[in-house]
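What follows is one structure encoded as structure tokens, with my remarks underneath.
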Amino acid sequence: MKAAASKPTPAEGVTATAMGPSGYRAEFGVLTDEQIVEAVRASFEPSELTLTDEQIVGAIGWTLTVRTAVTKVKALLTA
């Protein structure tokens, strides 16, 4: 029986800052950029959200959860 797969931990010398938020999410996070963008889009009506995927990723920054990502995008849309 195989052990459950787990996410690797960052190697010594690999900093989150060097990887950037998208790289860090892809390597060590639970959700990828694509999954977070999809969840953010699902949280809005199509007419409410006119941002591109790149704009959403830029707005969410280092966010790792959908809830925080939606909050950041709402703040951007109301600014």
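The values are calculated or read from the model by the stated rules, or taken from the named source; none is laboratory data. Everything quoted here is computed from the prediction, not taken from an experiment. So basically every Cβ, Gly included, is an ideal-geometry build from the backbone, and we count neighbours across all protein chains shown. Calculation scope for accessible area: heavy atoms of the full protein, side chains included, ligands and nucleic acids excluded. Shrake-Rupley method; radii C 1.70, N 1.55, O 1.52, S 1.80 Å.
Some values worked out for this structure:
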| quantity | calculated |
| --- | --- |
| Residues being open to solvent by 50 Å² or more (accessible area, probe 1.4 Å), closer than 11 Å to residue 73 by Cα and under 11 Å from the mean Cα position of the chain (by Cα) - total across the range 27-60 | 1 |
| Cβ pairs under 7 Å, 6+ apart, first in the range 47-70 and over 9 Å from residue 36 (Cβ atoms), second not in a helix (DSSP H, G or I) | 70/43 |
| Residue selected from the range 17-26 under the condition surrounded by fewer than 15 Cβ atoms within 10 Å (Cβ to Cβ) and either touching a strand residue (DSSP E or B) at 6+ places or on another chain (Cβ under 9 Å) or not polar (S, T, N, Q) (or both), by the criterion modelled with the lowest pLDDT | 18 |
| Count - residues of the range 61-79 that are loosely packed, with under 15 Cβ neighbours inside 10 Å, among the polar types (S, T, N, Q) and not in a helix (DSSP H, G or I) | 1 |
